[in-house]
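Enquirer: The structure's right below; bear with me while I get my questions together.
Derivation of every value follows stated rules applied to the coordinates shown; laboratory data play no part. Keep in mind the model is a prediction, meaning the values are calculated, not measured.
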Amino acid sequence: MRAVLGAFLAVMGLAPAWAQPGTVGTTINPPVGLPIPQLQNRIPAPLPPPPQPPVINGPLSQAPQPRVYQTPQMTSSSPKQLGCLREGRKQGLRGKKLDAYTRECAKPGEE
């Protein structure tokens, strides 16, 4: 019984190979009328490197050119103004009322 089963499985395993024409021991021929593609030189030559970009004003680490005015860095607000703004916000002021409070609180000359 085992021999019959083994023979049956062997025949069934080889059946798909026999059912396909031209696959056992033969070469595959291209369809008639189509040219055979030439596979040489399919990769094009590499492109040349891109040109270097122009240098505009050079690197940032260079000193500025002569006759160029450098403005001094200014602080945005005095510590007193910032303190007045914080106090006004703590009191719940917003908008125009906060601006008016800050102007009155941070008047120059009243330290």
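Enquirer: Excluding same-chain residues fewer than 8 positions from Lys107, which lysines have a Cα within less than 16 Å of its Cα?
Expert: Partners within reach: Lys80, Lys97.
Enquirer: Can you work out the Karplus-derived ³J(HN,Hα) for every residue in the range 79-93? Use 6.51 cos²θ - 1.76 cosθ + 1.60 with θ = phi - 60°, whole Hz, and x for glycine or proline.
Expert: x, 5, 4, 5, x, 5, 4, 5, 4, x, 5, 5, 7, x, 7
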